[in-house]
Amino acid sequence: MSVLVFADARGGEIAKAAHEAIFYGKQIADKTSSTVTVLTYGDVSNENLEKLGNYGASKVLVNRSITEENDQTLSALVAEAVNAEGARVIVFSFDPIGKVLAPRLSAKIEAGLVAGVTSIPEIEGNAMTVSKNVFSGKAFAKYRINTEVKILSLLPNSFQVSTTDATASVEEFAPSVSDGRLKVKELRAVGGEGIPLPEAELVVSAGRGLKGPENWGIVQELADELGAATACSRPVSDMDWRPHHEHVGQTGIAIRPNLYIAAGISGAIQHLAGVNGSKTIVVINTDPEAPFFKAADYGVVGDAFEVLPRLTEAVKNFKAAN
Ligand SMILES: Cc1cc2nc3c(=O)[nH]c(=O)nc-3n(C[C@H](O)[C@H](O)[C@H](O)COP(=O)(O)OP(=O)(O)OC[C@H]3O[C@@H](n4cnc5c(N)ncnc54)[C@H](O)[C@@H]3O)c2cc1C
């Protein structure tokens, strides 16, 4: 028996979330005296694949003939790998590709699925119990899964990954799978060149308190100094002050960075739903009664137009002195 981890390799790169999923799979493998096999696809260098051993993989199966992200083809590929490896636990990342592949595979092989898990499973006989956030992150629930084959998808940024020097063996894996009835005609990347928001460890975000798009320079300057991604509240993207891929919250992207700095954002429940998994929250708001302060680790009652530039200055000084 092995733990099979699906690793997205869009553009030939293994995503950070996939590294976390492999590390997570390794924790399960250690508990069940098994090993981790990673399944990936496309044009990834052997060197990068061997390095997946750093995160806990023993073996990597790669299908180089599949180069496009087609749900039907990829879920058929994973099903073949489950058979070939005799996998009893399959791990995905709860990212856009994992969100479509895991349910497809679950239906295809009749395996129970818990999506968006945040804990290492407790194992009792054939059953596993895992936690996940519910009610927009206000509570967590425990789910028990007892089908023979179990599928888990891991919420990104839920675990601090540690690495070793171990390397994985790499094997080509090319069973015959159909091309699928759906075809990807065009894949257009949005999000520019910066750090992808779901993967960012540091995020500087701003809301309607910034008054207009012409003022975003002070947000960007702090983000640049910190090496952070930028985000915004929903009305800001609705008004086209910022692009939609920066909108975080219940209807936007859910993020869990180590540091979330929110300037001029009130902290409505729908906004908090997407950011309250952040490890440290810093809130800057002129209104001491702003709801966001209740969720903040550090709060600055002040004008974002004064506080953000001073924070940028402080980061610059700190970097110069260290
Ligand atoms: C179904 C539904 C889904 C939603 N989904 C989302 C979502 O995913 N994400 C999201 O963000 N919202 C979402 N919303 C909207 C949400 O309810 C709030 O309206 C929104 O988050 C408010 O954005 P804001 O805090 O930027 O603006 P405001 O509520 O206008 O708050 C601006 C804040 O800036 C402060 N401020 C003003 N001037 C300054 C200054 N100079 N310096 C510092 N602070 C200042 C004010 O005191 C105020 O607290 C959703 C709403 C609904 C109904």
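The values are calculated or read from the model by the stated rules, or taken from the named source; none is laboratory data. Source: prediction; values computed, not measured. Cβ atoms come from the backbone with ideal geometry, glycine included; neighbour counts cover every protein chain shown. To get the accessible areas, we keep the full protein, side chains included, count just its heavy atoms, and leave off ligands, DNA and RNA. Shrake-Rupley method; radii C 1.70, N 1.55, O 1.52, S 1.80 Å.
Condition first: open to solvent by less than 20 Å² (accessible area, probe 1.4 Å), within 17 Å of ASN133 (Cβ to Cβ), not hydrophobic (A, V, I, L, M, F, W, C) and not in a helix (DSSP H, G or I). Now tell me which residues in segment 251-293 satisfy that.
The answer is PRO257, TYR260, SER278.
Of the residues in segment 149-177, how many are open to solvent by 60 Å² or more (accessible area, probe 1.4 Å) and either on the phi > 0 side of the Ramachandran plot or in contact with a Leu (Cβ under 7 Å, 6 or more places away or on another chain) (or both)?
The qualifying residues number 1.
Of all the strands (runs of 3 or more DSSP E) wholly in segment 1-99, which have at least 3 residues that are under 17 Å from LEU113 (Cα atoms)? Spell out the reasoning first.
Working: elements: 2-6, 35-41, 59-63, 89-93.
Of the strands (runs of 3 or more DSSP E) lying wholly inside segment 1-99, those with at least 3 residues that are under 17 Å from LEU113 (Cα atoms) span 2-6, 89-93.
When you go through ASP240, ASP287, ASP297 one by one, which is the residue that is under 23 Å from GLY212 (Cβ atoms), away from the ligand (no atom under 13 Å from the Cβ) and modelled with pLDDT of 95 or more? Working first, answer last.
Numbers: ASP287 fails: away from the ligand (no atom under 13 Å from the Cβ); ASP297 fails: under 23 Å from GLY212 (Cβ atoms).
Testing whether each residue is under 23 Å from GLY212 (Cβ atoms), away from the ligand (no atom under 13 Å from the Cβ) and modelled with pLDDT of 95 or more leaves just ASP240.
A quick yes/no check of all residues on (1) open to solvent by less than 20 Å² (accessible area, probe 1.4 Å); (2) among the charged types (D, E, K, R); (3) touching a residue at least 60 places away in the same chain (Cβ under 8 Å):
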| site | (1), (2), (3) |
| --- | --- |
| GLU20 | yes, yes, yes |
| VAL36 | yes, no, no |
| GLY42 | yes, no, no |
| ASN48 | no, no, no |
| GLY53 | yes, no, yes |
| ALA57 | yes, no, yes |
| LEU61 | yes, no, yes |
| ASN70 | yes, no, yes |
| THR73 | yes, no, yes |
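Are any residues in segment 217-237 open to solvent by 30 Å² or more (accessible area, probe 1.4 Å) and within 15 Å of GLY274 (Cβ to Cβ), and if so, which ones?
ARG234, PRO235
Can you name the residue in segment 193-209 that is out of contact with any Leu (no Cβ under 9 Å at 6 or more places or on another chain) and touching a residue at least 40 places away in the same chain (Cβ under 8 Å) and, of all such residues, is surrounded by the most Cβ atoms within 10 Å (Cβ to Cβ)? Spell out the reasoning first.
Step one: list which residues in segment 193-209 are out of contact with any Leu (no Cβ under 9 Å at 6 or more places or on another chain), which gives 193-194, 196-200, 205, 207-209.
Still in the running and touching a residue at least 40 places away in the same chain (Cβ under 8 Å): 197-200, 205, 207-209.
Values: LEU197: 21, PRO198: 22, GLU199: 16, ALA200: 24, SER205: 29, GLY207: 23, ARG208: 16, GLY209: 21.
So, considering only residues that are out of contact with any Leu (no Cβ under 9 Å at 6 or more places or on another chain) and touching a residue at least 40 places away in the same chain (Cβ under 8 Å), the one surrounded by the most Cβ atoms within 10 Å (Cβ to Cβ) is SER205.
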